[in-house]
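Undergrad: I'd like to ask some things about the structure below.
The values are calculated or read from the model by the stated rules, or taken from the named source; none is laboratory data. Keep in mind that what you see is a predicted model, and the values were worked out from it rather than measured. As a convention, Cβ positions derive from the backbone with ideal geometry for all residues, glycine included, and neighbour counts pool all protein chains shown. All accessible areas refer to the heavy atoms of the entire protein, side chains included, with ligands and DNA or RNA removed. Shrake-Rupley method; radii C 1.70, N 1.55, O 1.52, S 1.80 Å.
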Amino acid sequence: MVQKYGGTSLQDTDRIKNTARRIKGYRQKGHEMIVVVSAMGKTTNNLISLAREISDSPPKRELDVLLATGEQISIALLSIALNEIGVDTISLTGAQCGIRTSNLHSNARIEDIDTARLKAEFKAGKVVIVAGFQGINEKGDITTLGRGGSDTTAVALAAAMKAPKCEIYTDVDGVYATDPRVVPQALKLDRISYDEMLEMARLGAQVLHPRSVELAKNHQVPLEVRSSLNFNPGTQIIGEINMEDIRISGITSEKNIARISIARVPDKPGIAYRLFKRLSENEISIDMILQNLNHENANDISFTTPTEALGEALPIVEGFAADIEAQEVIVKENVCKISLVGTGILGHGEVAATFFETLSNLGINIEMISTSETKISCLIDGKDSDTATRTLHRIFFEK
Ligand code: ADP
Ligand code: ASP
Ligand code: MG
């Protein structure tokens with residue numbers, strides 16, 4: 001059995017002791033167990049702030065060395081807590097557990113897991129406590145998997161060990177139609193398919209790391225999201241969707257986005273290519289893109305990027321705009337992408353119409369739109385995010 005406990009389940013030593021008692025309960029039922037843990041409470045954020053007090057752009061390798069310590073504290077303390085109540089355990093860092101990743105610091109992908117050590121510890125009768133969110137690359141350096149990446153460690157271990165199930169314990173009772181911290185009466189989902197959950201996670205439903213859902217789908221690992229604070233049934237993430245059916249799964253909002261616009265770009269072939277090539281060469285992630293013909297022989301091009309990438313992106317865009325003699329570069333920070341996720345949405349025009357109508361009734365301006373078979377997304381002002389989420393939940397789920 002693979003279980004993962006998030007930061008809130010390990011916020012302080014009382015929570016750690018409580019988590020240890022829960023694990024002991026499962027252990028007493030005879031399960032062989034791998035327990036993956038995140039850093040305590042807000043540790044990861046605090047570590048990032050410490051680095052930023054010293055440097056605006058800390059080397060990513062060193063940042064990984066720093067952030068990986070958060071999970072290392074958790075494995076040791078949880079292991080101590082379990083030993084204290086008579087459970088035989090061993091704590092392992094990502095590297096000790098054989099988790100090999102790609103080289104990309106701060107956003108590495110798990111490439112394979114050497115399970116020899118894990119199997120040996122099982123044989124010795126131990127509950128194995130593994131540091132989530134980290135691994136080791138081919139150079140032997142510590143890497144991290146991106147924010148929220150402990151979920152991915154758990155699913156990858158479940159897949160490698162062919163565990164029948166992977167349970168993700170967090171601070172809410174499961175997956176809801178939208179963030180229950182924004183909409184307290186949000187509808188809890190009993191089950192959701194891998195594809196629907198993947199779309200929700202990619203579009204900002206923080207409850208699961210997108211890559212964990214992708215891995216669970218590829219290896220057919222049944223996932224359950226549950227609370228570590230009670231014994232309520234959670235949400236099952238399993239199975240296929242039927243693309244013929246229309247089914248709205250949820251509403252997500254992705255914050256901390258910036259919009260960059262270049263005004264009056266010459267209307268010539270190759271401009272978009274050169275801009276986005278330059279950005280991709282610098283590993284700047286781009287999301288929504290919009291080009292419109294506003295003026296004679298000139299276009300405006302806008303795109304979005306995470307706020308944290310703005311510092312790197314802006315000089316590149318400004319340099320490019322000067323090269324092509326565009327008029328100006330305009331930046332808007334604090335925009336958000338609000339999305340309605342579901343299947344068969346594009347085939348049902350009334351869903352899109354209702355989505356736009358709801359925003360319009362709230363007087364919210366839509367700055368960009370993008371659609372696919374499984375979602376409609378609008379870029380809106382960040383300050384309107386919560387109001388829009390609450391109202392959309394009411395319209396689509398509280399009928
Ligand atoms: P953990 O530390 O356990 O990994 P996270 O903060 O990463 O916890 O994820 C849990 C949080 O995800 C919840 O507290 C909730 O506010 C947020 N969340 C956002 N969207 C959803 C959703 N659709 N369903 C459930 N939780 C959501
Ligand atoms: N501690 C890491 C983070 O905050 C990983 C995780 O919690 O999953 O992002
Ligand atoms: Mg998380």
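Undergrad: Looking at (1) assigned to a strand (DSSP E or B); (2) open to solvent by less than 40 Å² (accessible area, probe 1.4 Å), which is the one condition that is false for D112?
TA: Of (1) assigned to a strand (DSSP E or B); (2) open to solvent by less than 40 Å² (accessible area, probe 1.4 Å), only one is false for D112: (2).
Undergrad: Filtering segment 30-43 down to residues that are farther than 18 Å from I168 by Cβ and modelled with pLDDT under 95, which residue is most open to solvent (accessible area, probe 1.4 Å)?
TA: So in segment 30-43, the residues farther than 18 Å from I168 by Cβ come out as 30, 32, 42-43.
This time we only want the ones that are modelled with pLDDT under 95, so: 30, 32.
On the way: G30: 63, E32: 106 Å².
Looking at the filtered set, the residue picked out is E32.
Undergrad: Tell me, which strands (runs of 3 or more DSSP E) wholly within segment 318-399 include 2 or more residues that are among the aliphatic types (A, V, I, L, M) and open to solvent by 20 Å² or more (accessible area, probe 1.4 Å)? Please lay out each step first, then the result.
TA: Working: elements: 328-343, 368-372, 375-381.
So the answer is 328-343.
Undergrad: Could you list, in sequence order, all residues of segment 26-41 that are of a type in the set (V, I, T) and away from ligand 1 (no atom under 16 Å from the Cβ)?
TA: The first filter runs over segment 26-41 and keeps only residues of a type in the set (V, I, T), leaving 34-37.
Answer for segment 26-41, where residues must be of a type in the set (V, I, T) and away from ligand 1 (no atom under 16 Å from the Cβ): just I34.
Undergrad: Turning to a different aspect of this structure: Specify the residue that is surrounded by the most Cβ atoms within 10 Å (Cβ to Cβ); the eligible residues are those in segment 194-235 that are within 19 Å of the chain's Cα centre (by Cα), free of Cβ contacts under 8 Å to residues at least 60 places away in the same chain and over 22 Å from R181 (Cβ atoms).
TA: Y194
Undergrad: Continuing with the same structure: Run down R274, R264 and say which single residue is on the phi > 0 side of the Ramachandran plot and out of contact with any Phe, Trp or Tyr (no Cβ under 6 Å at 6 or more places or on another chain). Spell out the reasoning first.
TA: Details: R274 fails: on the phi > 0 side of the Ramachandran plot.
The unique qualifying residue is R264.
Undergrad: For residues that are more than 15 Å from ligand 3 (Cβ to nearest atom) and either buried (at least 24 other Cβ atoms within 10 Å of the Cβ) or without any contact (Cβ under 8 Å) to a residue 12 or more places away in the chain (or both), tally how many sit in segment 1-14. Can you show your working first?
TA: Taking segment 1-14 and keeping what is more than 15 Å from ligand 3 (Cβ to nearest atom), we get 1-2, 12-14.
Subset that is either buried (at least 24 other Cβ atoms within 10 Å of the Cβ) or without any contact (Cβ under 8 Å) to a residue 12 or more places away in the chain (or both): 2, 14.
Matching residues across segment 1-14 total 2.
Undergrad: In this structure, does K126 turn out to be away from ligand 3 (no atom under 12 Å from the Cβ), open to solvent by 10 Å² or more (accessible area, probe 1.4 Å) and within 25 Å of M197 (Cα to Cα)? Steps first, please.
TA: Details: away from ligand 3 (no atom under 12 Å from the Cβ): yes; open to solvent by 10 Å² or more (accessible area, probe 1.4 Å): yes; within 25 Å of M197 (Cα to Cα): no.
Criteria not met by K126.
Undergrad: Given A326, A313, which one is under 18 Å from L379 (Cβ atoms) and small (G, A, S)? Before the answer, list the steps.
TA: Details: A326 fails: under 18 Å from L379 (Cβ atoms).
Only one candidate passes the filter, namely A313.
Undergrad: What is the residue count in segment 237-252 for residues that are buried (at least 20 other Cβ atoms within 10 Å of the Cβ), over 22 Å from N107 (Cβ atoms) and not aliphatic (A, V, I, L, M)?
TA: Going through segment 237-252 one residue at a time, the tally reaches 2.
Undergrad: Are there any pairs with C-beta distances below 7 angstrom linking a residue in segment 44-56 that is surrounded by 12 or more Cβ atoms within 10 Å (Cβ to Cβ) to a residue that is of a type in the set (G, A, S), with the two at least 6 apart or on different chains, and if so which?
TA: Short answer, once both residue conditions are applied: T44/G70; L47/G70.
Undergrad: What residue, of A95, A68, A81, is at pLDDT 95 or above, crowded, with 17+ Cβ neighbours inside 10 Å and within 14 Å of ligand 2 (Cβ to nearest atom)?
TA: Numbers: A95 fails: within 14 Å of ligand 2 (Cβ to nearest atom); A81 fails: within 14 Å of ligand 2 (Cβ to nearest atom).
The unique qualifying residue is A68.
To keep it simple, each residue is scored yes or no on (1) basic (K, R); (2) in contact with a strand residue (DSSP E or B) (Cβ under 6 Å, 6 or more places away or on another chain); (3) closer than 15 Å to S261 by Cβ.
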{"site": "G311", "(1), (2), (3)": "no, no, no"}
{"site": "L314", "(1), (2), (3)": "no, no, yes"}
{"site": "F355", "(1), (2), (3)": "no, yes, no"}
{"site": "L362", "(1), (2), (3)": "no, no, no"}
{"site": "I369", "(1), (2), (3)": "no, yes, no"}
{"site": "K375", "(1), (2), (3)": "yes, yes, no"}
{"site": "S385", "(1), (2), (3)": "no, yes, no"}
{"site": "I395", "(1), (2), (3)": "no, no, no"}
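Undergrad: So, one more: Which of the residues spanning segment 290-305 are open to solvent by 90 Å² or more (accessible area, probe 1.4 Å) and either of a type in the set (S, T, N, Q) or at pLDDT 95 or above (or both)? Outline the logic, then answer.
TA: First, the residues of segment 290-305 that are open to solvent by 90 Å² or more (accessible area, probe 1.4 Å): 291, 293, 296-297.
Listed by number, the residues that qualify are Q291, N297.
Undergrad: Residue by residue through segment 229-275, note down the ones that are at pLDDT 90 or above, outside any helix (DSSP H, G or I) and charged (D, E, K, R).
TA: Within segment 229-275, E254, K255, R259, R264 meet the criteria.
Undergrad: Would you be able to tell me the number of residues in segment 215-228 that are within 16 Å of ligand 3 (Cβ to nearest atom) and part of a helix (DSSP H, G or I)? Working first, answer last.
TA: As a first pass, look at segment 215-228 and keep what is within 16 Å of ligand 3 (Cβ to nearest atom): 215-216, 223-228.
Okay, now just the ones that are also part of a helix (DSSP H, G or I), so 215-216.
Count: 2.
Undergrad: How many residues are in a strand (DSSP E or B) and either in contact with a Ser or Thr (Cβ under 6 Å, 6 or more places away or on another chain) or under 16 Å from R61 (Cα atoms) (or both) if we restrict to segment 94-109? Explain how you work it out, then say what you get.
TA: Pass one, segment 94-109, residues in a strand (DSSP E or B): 99-101.
So of that shortlist, the ones also either in contact with a Ser or Thr (Cβ under 6 Å, 6 or more places away or on another chain) or under 16 Å from R61 (Cα atoms) (or both) come out as 100-101.
Here the count works out to 2.
Undergrad: Any residue in segment 162-178 that is under 24 Å from Q220 (Cβ atoms) and of a type outside the set (K, R) sitting within a Cβ distance under 6 Å of a residue that is open to solvent by 10 Å² or more (accessible area, probe 1.4 Å) and within 7 Å of ligand 1 (Cβ to nearest atom)? List the pairs, counting only those 6 or more apart or interchain.
TA: Partner pairs satisfying both residue conditions: V175/V207.
Undergrad: Scan segment 306-313 and give yes if some residue there is of a type in the set (V, I, T), outside any loop (DSSP other than H, G, I, E, B) and modelled with pLDDT of 95 or more, otherwise no. Spell out the reasoning first.
TA: Restricting attention to segment 306-313, the residues satisfying the condition of being of a type in the set (V, I, T) are 307.
From what's left, outside any loop (DSSP other than H, G, I, E, B): 307.
Checking the rest, the ones that are also modelled with pLDDT of 95 or more come to none.
No, there is no match, as no residue in segment 306-313 is of a type in the set (V, I, T), outside any loop (DSSP other than H, G, I, E, B) and modelled with pLDDT of 95 or more.
Undergrad: Take the residues in segment 140-186 that are of a type in the set (D, E) and either open to solvent by 30 Å² or more (accessible area, probe 1.4 Å) or not in a helix (DSSP H, G or I) (or both), then tell me which one is farthest from ligand 1 (Cβ to nearest atom).
TA: Filtering segment 140-186 down to residues of a type in the set (D, E) leaves 141, 151, 167, 171, 173, 179.
Still in the list and also either open to solvent by 30 Å² or more (accessible area, probe 1.4 Å) or not in a helix (DSSP H, G or I) (or both): 141, 167, 171, 173, 179.
Numbers: D141: 25, E167: 12, D171: 5, D173: 8, D179: 4 Å.
The selected residue is D141.
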